[in-house]
1. Say whether the condition of being farther than 19 Å from B:T163 by Cα and open to solvent by less than 10 Å² (accessible area, probe 1.4 Å) is met by at least one residue in segment B:28-48.
2. Tell me, yes or no, whether segment B:81-91 has at least one residue that is crowded, with 22+ Cβ neighbours inside 10 Å, touching a Pro at 6+ places or on another chain (Cβ under 9 Å) and not in a loop (DSSP other than H, G, I, E, B).
3. Restrict the check to segment A:60-76 and report whether at least one residue is outside any helix (DSSP H, G or I), within 14 Å of another protein chain (Cβ to nearest Cβ) and more than 22 Å from A:S226 (Cα to Cα).
4. Hand me the list of helices (runs of 4 or more DSSP H) wholly inside segment A:4-54 holding 3 or more residues that are open to solvent by less than 70 Å² (accessible area, probe 1.4 Å), under 15 Å from A:Q93 (Cβ atoms) and touching a residue at least 40 places away in the same chain (Cβ under 8 Å).
5. For A:L141, all conditions in the list (1) without any contact (Cβ under 8 Å) to a residue 60 or more places away in the chain; (2) assigned to a helix (DSSP H, G or I) hold save one; what is the number of the exception?
6. Could you list, in sequence order, all residues of segment B:243-287 that are β-branched (V, I, T), in contact with a strand residue (DSSP E or B) (Cβ under 6 Å, 6 or more places away or on another chain) and part of a loop (DSSP other than H, G, I, E, B)?
7. Among the listed residues B:D121, B:D73, identify the single one that is part of a helix (DSSP H, G or I), without any contact (Cβ under 8 Å) to a residue 24 or more places away in the chain and within 30 Å of B:T18 (Cβ to Cβ).
8. Look through segment B:92-118, keep the residues that are outside any loop (DSSP other than H, G, I, E, B), within 8 Å of chain A (Cβ to nearest Cβ) and in contact (Cβ under 8 Å) with a residue 24 or more places away in the chain, and return whichever of them is surrounded by the fewest Cβ atoms within 10 Å (Cβ to Cβ).
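The values are calculated or read from the model by the stated rules, or taken from the named source; none is laboratory data. Since this is a predicted model, take the numbers as computed values, not measurements. Using ideal geometry, Cβ is built from the backbone for each residue, glycine included, and neighbour counts are taken over all protein chains shown. Each accessible area value is taken on the protein alone, full model and side chains, heavy atoms only, with ligands, DNA and RNA left out. Shrake-Rupley method; radii C 1.70, N 1.55, O 1.52, S 1.80 Å.
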Amino acid sequence: MKMYIGLTKRNLLVYLKDKQSIVFSLLTSMIVFALYLLFLKSTFADAIENALNGFPFIKEKIGAADIDMLTSILLLSGIVGSAMITVPYNCLQTVVNDRENNVDRDILATPIRRWQIVLSYFSASGLSAILMNGMILTVGLVMIGINGDLHMGASDIASVYAVMILGCLSSTALFMMIIPFFKTSSACGAFFGILSAVSGFVIGAYIPISQFSDRVQTVCNIFPASHVTILLRNALLNGTLENIDKNIGGIDEGAFVSSIRDIFTFRANMFGRTLEVSGMCMYTLCVFAISLIAMMVLYSKRYKK
Amino acid sequence: MTNAITVKNLTKKYDDFTAVNNISFDVEEGELFAFLGENGAGKSTTINILCTILDKTAGYVKVFGHELSKDDDKIRNLIGIVFQNSVLDKKLTVGENLMTRGAYYGLDKRQIKERLEPYMDDFEIGEIWNRKYEKLSGGQRRRVDIVRALINDPKILFLDEPTTGLDPKSRKIVWDHIRKLKEEKQLTIFLTTHYMEETADADEVKILEHGNIIASGTPAELKTRYASSKLVWYTGRSDSAEDIIKGYDHSYDADHYNIKFTGSITDFLYRNSKVLTDYEVIKGTMDDVFLNLTGREMGA
């Protein structure tokens, strides 16, 4: 156990001590934030205004503060959603670097078991993702909470953090399967560039996935990160939407809130079928479990030379 | 003396390529054992197999009585390795690198610090403890690498071309440390190198070529067998001198004859002691051994 903890600590330190790597791993999140300041906020607000135009009789019941809260939380889910992809991937580049620089030989010549080596890479990457996302989430929630009412109870906050942890671990497990195929850190870095560019779209940080065609939605929702971001959006915004619904007083029979859920993707659409919260949880857990099994098989072959 | 390592018919193949071809040898406890050969001769492959990093294709290996492939964990606890290239983390400090590596052997902080204590002054680790590994000079990095290899208190230290890329001064410092370790800790040292002069202190040298051992013995034995000694006789060129060295391979340079001897030189000196007033005897080098065995100079 001490050996596994020691190697996990080393893997964590290698990532956390490289400031450039940390900045690059949060690049997509920073871009999402910058785009939010530039135009995404007004785009989201316009989409809500358009939805309101369909319900003119409730317009006066939705305040600017509600719209602000919705857009802010949508931003937060986008930032966290993209960081759940980029942070674990970036941390897992250690696997490729270790192989390229023969550091793995130094590890293989110690009494640490092979499965502990694999698990330590997974643990360090998962932990760094949880650490970074936990910080972003906490700072985001505090800042949004200072500027308005989050309408979140303790159980909502607990589920937000639970979803975040699930997202970090499932992303890490998925990337653990992909990363062994990269032989050099430059190839791994090139893929990271693609990942950074695509991840914001896949999780719907720039444009809600529901705005895409069914086929594109299916492609986006193959990745568990999309499901996790939708789950996060649900957990973060349920209270706010319930409060808006309460303010409307039932005169639209929940139609406005339902249209917001459709526009900003609160359900996942895959192969023409709609997945609710439980379905998305199941899908993410299944991909997580399959990735874990595949990870152990892949790496057991990798360490037989 | 007991055997630290026993290797019988060791073979390593990669598809059609044979990296190590049916080699056998023993390494006695406490000796400095050297593998000499060019890049690609199979030196690092053999070390990687003995250190449990690579699987062998065939053969039998025992390290301090533990059989390879059966008792790998026990072997790993008994060995320390200084790799050809540094394998420590550049962004971490020397202290962080050594503390994390110590944990790989199940040691806690206190135990690691106890293990490191003797090396803090000897290897001047104390003064660079908080410096990032990437900021160290080549010589300092090698010193840290050696200390890292010693952290589990190994019985055998593998040195895979430990001075490659170092300047002569750093190379000398590293070798001073290695000699001291051998003397004070009675460590068995398994060295691979392509620097001929580094094998001079070895108790046993094996020369590898294309995965095969082509010669073995102490450096003196190898020189006697495969290198010719040279007599440099300072005298003017004359017929009488030519008569004396007739039958020996010789040449004349400026003010002296160069005379090559394949066997003992003593008889010749004794027989001609009256005329040999100014001379020097130059023993064959390991370079000559390698040249004679492979038909080419090292690195050529």
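1. Let us first name the residues in segment B:28-48 that are farther than 19 Å from B:T163 by Cα, namely B:28-31.
Checking which are open to solvent by less than 10 Å² (accessible area, probe 1.4 Å) leaves us with none.
The answer is no; no qualifying residue exists.
2. Yes, because at least one residue in segment B:81-91 is crowded, with 22+ Cβ neighbours inside 10 Å, touching a Pro at 6+ places or on another chain (Cβ under 9 Å) and not in a loop (DSSP other than H, G, I, E, B).
3. The answer is no; no qualifying residue exists.
4. Numbers: elements: A:19-25, A:27-35, A:41-53.
Result: A:19-25.
5. (1)
6. Step one: list which residues in segment B:243-287 are β-branched (V, I, T), which gives B:244-245, B:259, B:262, B:265-266, B:275, B:277, B:281-282, B:285.
Now restrict to residues that are in contact with a strand residue (DSSP E or B) (Cβ under 6 Å, 6 or more places away or on another chain): B:245, B:259, B:265, B:281-282.
B:I245, B:I265, listed by residue number.
7. B:D73
8. To start, the set of residues in segment B:92-118 that are outside any loop (DSSP other than H, G, I, E, B) comprises B:93-103, B:109-118.
Now narrow it down to the ones that are within 8 Å of chain A (Cβ to nearest Cβ): B:96, B:100-103.
Cutting the leftovers down to in contact (Cβ under 8 Å) with a residue 24 or more places away in the chain gives us B:101-102.
Numbers: B:R101: 25, B:G102: 23.
The extreme case among them is B:G102.
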